[in-house]
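S.K.: Structure incoming, see below.
The values are calculated or read from the model by the stated rules, or taken from the named source; none is laboratory data. None of the values given here were measured: they were computed from a predicted structure. Note that each Cβ is placed from the backbone with ideal geometry, even for glycine, and that neighbours are counted across all protein chains shown.
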Amino acid sequence: MVQITSQEIAQFRSQLAEYPAALKALDEIEDCEGDIEDAAIFLAIQAGQEPNVSENWLDGLAKRCRVAICKTEIKEELARGQLNAAFRDLVAAKLCPEILVPSVIIYVLKTGVNDFCEPLDYKL
């Protein structure tokens with residue numbers, strides 16, 4: 001389970017202030033006491049998706065977005081803490097509903113961007 005503090009929510013809210021969907025997602029994360037997975041499942045249902053409620057649903061969603069997240073420019077934006085640019089780029093990629101992008105970004109940040117992208121760095 002990945003959780004964030006109310007201080008982190010406030011920080012993300014200030015960085016993503018120009019995106020209403022991101023603010024709505026952060027409100028839901030706050031309502032779920034910082035539990036990103038619970039909030040993401042609730043938001044996915046609202047967006048018309050049918051997530052299973054098993055553990056690690058958000059991990060699976062993030063992995064489906066991995067190729068886009070780990071593109072050099074988005075990876076670097078996240079590593080520099082530029083959430084608004086990463087949010088904009090991931091929304092443009094249309095890999096998941098816009099309302100879920102903040103949960104994915106926060107999950108990747110809390111997991112560690114380099115650790116999350118490491119499987120794509122391997123060459124056969």
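S.K.: Can you name every residue in region 1-38 that is part of a helix (DSSP H, G or I) and either on the phi > 0 side of the Ramachandran plot or of a type in the set (Lys, Arg) (or both)?
M.R.: Within region 1-38, the subset part of a helix (DSSP H, G or I) is 6-15, 20-31, 36-38.
Listed by number, the residues that qualify are ARG13, LYS24.
S.K.: Out of ILE29, ILE45, which single residue is modelled with pLDDT of 95 or more, of a type in the set (A, V, I, L, M, F, W, C) and either surrounded by fewer than 13 Cβ atoms within 10 Å (Cβ to Cβ) or under 14 Å from LYS110 (Cβ atoms) (or both)? Explain how you work it out, then say what you get.
M.R.: Details: ILE45 fails: modelled with pLDDT of 95 or more.
Result: ILE29 is the single residue among ILE29, ILE45 that is modelled with pLDDT of 95 or more, of a type in the set (A, V, I, L, M, F, W, C) and either surrounded by fewer than 13 Cβ atoms within 10 Å (Cβ to Cβ) or under 14 Å from LYS110 (Cβ atoms) (or both).
S.K.: Going through LYS63, LYS94 one at a time, which residue ends up being exposed (fewer than 13 other Cβ atoms within 10 Å of the Cβ) and without any contact (Cβ under 8 Å) to a residue 12 or more places away in the chain?
M.R.: Working: LYS63 fails: exposed (fewer than 13 other Cβ atoms within 10 Å of the Cβ).
Answer to the check: LYS94.
S.K.: Tell me, please, whether a residue that is polar (S, T, N, Q), surrounded by 13 or more Cβ atoms within 10 Å (Cβ to Cβ), in a helix (DSSP H, G or I) and in contact (Cβ under 8 Å) with a residue 40 or more places away in the chain can be found in region 68-88. Steps first, please.
M.R.: Restricting attention to region 68-88, the residues satisfying the condition of being polar (S, T, N, Q) are 72, 82, 84.
Imposing the further condition that a residue be surrounded by 13 or more Cβ atoms within 10 Å (Cβ to Cβ) reduces the set to 82, 84.
Filter once more, so that each one left must be in a helix (DSSP H, G or I): 84.
Next, only the ones that are in contact (Cβ under 8 Å) with a residue 40 or more places away in the chain stay: 84.
Yes, region 68-88 contains at least one residue that is polar (S, T, N, Q), surrounded by 13 or more Cβ atoms within 10 Å (Cβ to Cβ), in a helix (DSSP H, G or I) and in contact (Cβ under 8 Å) with a residue 40 or more places away in the chain.
S.K.: Can you tell me how many residues within region 54-105 are of a type in the set (Asp, Glu) and either modelled with pLDDT of 90 or more or in contact with a Ser or Thr (Cβ under 9 Å, 6 or more places away or on another chain) (or both)? Break it down into steps so the answer makes sense when it comes.
M.R.: Taking region 54-105 first, the residues of a type in the set (Asp, Glu) are 55, 59, 73, 76-77, 89, 98.
Checking the rest, the ones that are also either modelled with pLDDT of 90 or more or in contact with a Ser or Thr (Cβ under 9 Å, 6 or more places away or on another chain) (or both) come to 59, 98.
Going through region 54-105 one residue at a time, the tally reaches 2.
S.K.: Report whether or not LYS110 is under 12 Å from the mean Cα position of the chain (by Cα), surrounded by fewer than 17 Cβ atoms within 10 Å (Cβ to Cβ) and in contact (Cβ under 8 Å) with a residue 12 or more places away in the chain.
M.R.: Numbers: under 12 Å from the mean Cα position of the chain (by Cα): yes; surrounded by fewer than 17 Cβ atoms within 10 Å (Cβ to Cβ): yes; in contact (Cβ under 8 Å) with a residue 12 or more places away in the chain: yes.
Yes, satisfied.
S.K.: Give me a count of the residues in region 6-26 that are touching a residue at least 24 places away in the same chain (Cβ under 8 Å) and either surrounded by 16 or more Cβ atoms within 10 Å (Cβ to Cβ) or within 23 Å of PHE116 (Cβ to Cβ) (or both). Let's see the steps before the verdict.
M.R.: Filtering region 6-26 down to residues touching a residue at least 24 places away in the same chain (Cβ under 8 Å) leaves 6, 8-9, 12, 15-16, 18-19, 21-22, 24-26.
Filter once more, so that each one left must be either surrounded by 16 or more Cβ atoms within 10 Å (Cβ to Cβ) or within 23 Å of PHE116 (Cβ to Cβ) (or both): 8-9, 12, 15-16, 19, 21-22, 25-26.
Residues that pass the stated criteria total 10.
S.K.: Report whether or not ILE9 is within 28 Å of LEU120 (Cα to Cα) and among the aliphatic types (A, V, I, L, M). Steps first, answer last, please.
M.R.: Working: within 28 Å of LEU120 (Cα to Cα): no; among the aliphatic types (A, V, I, L, M): yes.
So ILE9 fails the test.
S.K.: Same structure again: For region 46-76, name all the residues that are over 16 Å from ASP115 (Cα atoms) and of a type in the set (Val, Ile, Thr).
M.R.: VAL53
S.K.: Let me ask something else. So which of GLU118, GLU37, GLU73, GLU18 ends up being under 15 Å from GLN3 (Cβ atoms) and not aliphatic (A, V, I, L, M)?
M.R.: Values: GLU118 fails: under 15 Å from GLN3 (Cβ atoms); GLU73 fails: under 15 Å from GLN3 (Cβ atoms); GLU18 fails: under 15 Å from GLN3 (Cβ atoms).
After applying the criteria, what remains is GLU37.
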